[in-house]
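Q: Encoded as structure tokens, here's the structure I'll be asking about.
Read the figures in this text as sums done on the coordinates, not as results from a lab. Just so it is clear, the model here is predicted, and its values are computed rather than measured. Please note: Cβ atoms are built from the backbone with ideal geometry, for glycine as well, and neighbour counts cover all protein chains shown.
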Amino acid sequence: MAASDWSTILYSYFFLAAGLIALLGYIARNFIKNHTEDIRDDLSKIMYALYNDGKTGLINKVDHLIEHQQQIKIDVEVMKSKAE
């Protein structure tokens with residue numbers, strides 16, 4: 001066999017292998033995308049609950065509680081004294 005025959009064979013097998021690897025990568029990417037769709041939907045719901053519109057999200061409610069913590073403590077003490 002001539003050297004050009006070997007190079008042609010190697011060249012052909014290289015591109016065949018590269019094509020197969022690209023095909024497997026494409027299939028794997030679509031498989032993962034399809035099987036993680038539910039997780040992405042749940043994550044978007046969680047993100048909405050946390051941040052919402054900047055006013056009624058969970059993070060905003062916690063910040064509000066922290067800001068008014070002292071007033072809440074006073075209110076609880078007043079309610080305890082009224083209960084006794």
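Q: Can you give the helix-only mean residue ellipticity at 222 nm for the chain, where every DSSP H stretch with n ≥ 4 adds -39500 (n - 2.57) and the sum goes over all residues, rounded to the nearest 500 deg cm²/dmol?
A: -29500 deg cm²/dmol
Q: Determine which lysines satisfy two conditions relative to residue 45: a Cα distance under 27 Å, and not lying fewer than 8 residues away in the same chain.
A: Counting by Cα, and skipping residues close in sequence, residue 45 has these lysines nearby: 33, 55, 61.
Q: Right, another one. For the residue pair residue 48 and residue 35, what label-to-label distance in nm results when each label sits 7 Å from Cα along the Cα-to-beta-carbon direction?
A: It is 2.7 nm.
Q: So for the chain, considering every pair of alpha-carbon atoms, how many percent are separated by more than 20 Å?
A: Value for the chain: 70 percent of Cα pairs lie more than 20 Å apart.
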